[in-house]
Structures are given as C-alpha cells and as structure tokens.
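What follows is one structure encoded as structure tokens, with my remarks underneath.
The values are calculated or read from the model by the stated rules, or taken from the named source; none is laboratory data. The structure presented is a predicted model; accordingly, all values stated were derived computationally and were not measured. As a convention, Cβ positions derive from the backbone with ideal geometry for all residues, glycine included, and neighbour counts pool all protein chains shown. The area values use the complete protein model at the heavy-atom level, side chains included, leaving out ligands, DNA and RNA. Shrake-Rupley method; radii C 1.70, N 1.55, O 1.52, S 1.80 Å.
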Amino acid sequence: SPSVIFYDIPLLFEKNLQDQVDFTVCIFTPPEDQRKRLLERDRIEEDLADKIIKSQMDIHQKKELATFCIDNSKSKSEFEKNLDEFLTKIFHKK
C-alpha cells in the first residue's frame, strides 16, 4: 500500500477540507501569472478567467494556510527543483 497519497483539490480551503488530510501544499504563482496560465491552458475568455480566479480564495491567503508552499512563479526547471526539494523533505531522503 502507498505511504503517501496526493490529492489535487484546488478548492480545498474553500470547502474546508484541510482537516481531512495530513498536510497541505500550495503550489504558488502570483495572480497575474495564474490568470495568464489559465487563459493559455484552457483557452477561455478573459472575463471567465477572472471569474474563476475571483471565485477562489486569494492565493496569498492559501499560501499562509498551507503546511508547505512550492514556488511555481519561475521557469519549469526551477519549479521541478522546488518540487524535488519538497519531495525529498517529505520522504526524508538524503
């Protein structure tokens, strides 16, 4: 059986589900980058992207509530480095 299970729950804090997990992780990027990525990834209208972001808790607030925070505001390789450091920390690897 797995020793770690990851759940991807974008509205975890909004739905007050954080007590259902052992710890939480916020993968953080500034709101302007979040909006840009949403527009590019989902190919949606700007007002819909704004509506989606406004329906969520402020990313800075999520960052404060999370047990861990992983920076995703730079390059893909920098994110992968941050993710690897996080995984090393939770798996107690050397």
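Measuring nothing but protein heavy atoms, the accessible surface of region 23-94 at 1.4 Å probe radius is 51 percent carbon and sulfur.
Run the helix sum for the chain: -39,500 (n - 2.57) per DSSP H stretch of 4+ residues, divided by residue count, reported at 222 nm to the nearest 500 deg cm²/dmol.
Values: 4 runs with 45 residues, N = 94.
Rounded to the nearest 500, it is -14500 deg cm²/dmol.
Under the convention that each Lys and Arg Cβ holds +1 and each Asp and Glu Cβ holds -1, the size of the dipole of the chain around its Cα centre is about 300 debye.
Equivalent ellipsoid semi-axes for the chain, as square roots of 5 times the alpha carbon gyration tensor eigenvalues: give them largest first, rounded to whole Å.
25, 18, 11
Solvent exposure of the chain amounts to 79 Å² per residue of accessible area, where only protein heavy atoms count and the probe is 1.4 Å. Candidate cross-link partners of K15 among the lysines, defined by an alpha-carbon separation under 26 Å and a same-chain spacing of 8 or more, comprise K36, K51, K54, K62, K63. Between D33 and K89, the C-beta separation translates, for a Förster distance of 22 Å, into a calculated FRET efficiency of about 0.35.
Rounded to the nearest 0.05, the FRET efficiency derived from the C-beta distance between I53 and S3 at R0 = 25 Å is 0.15.
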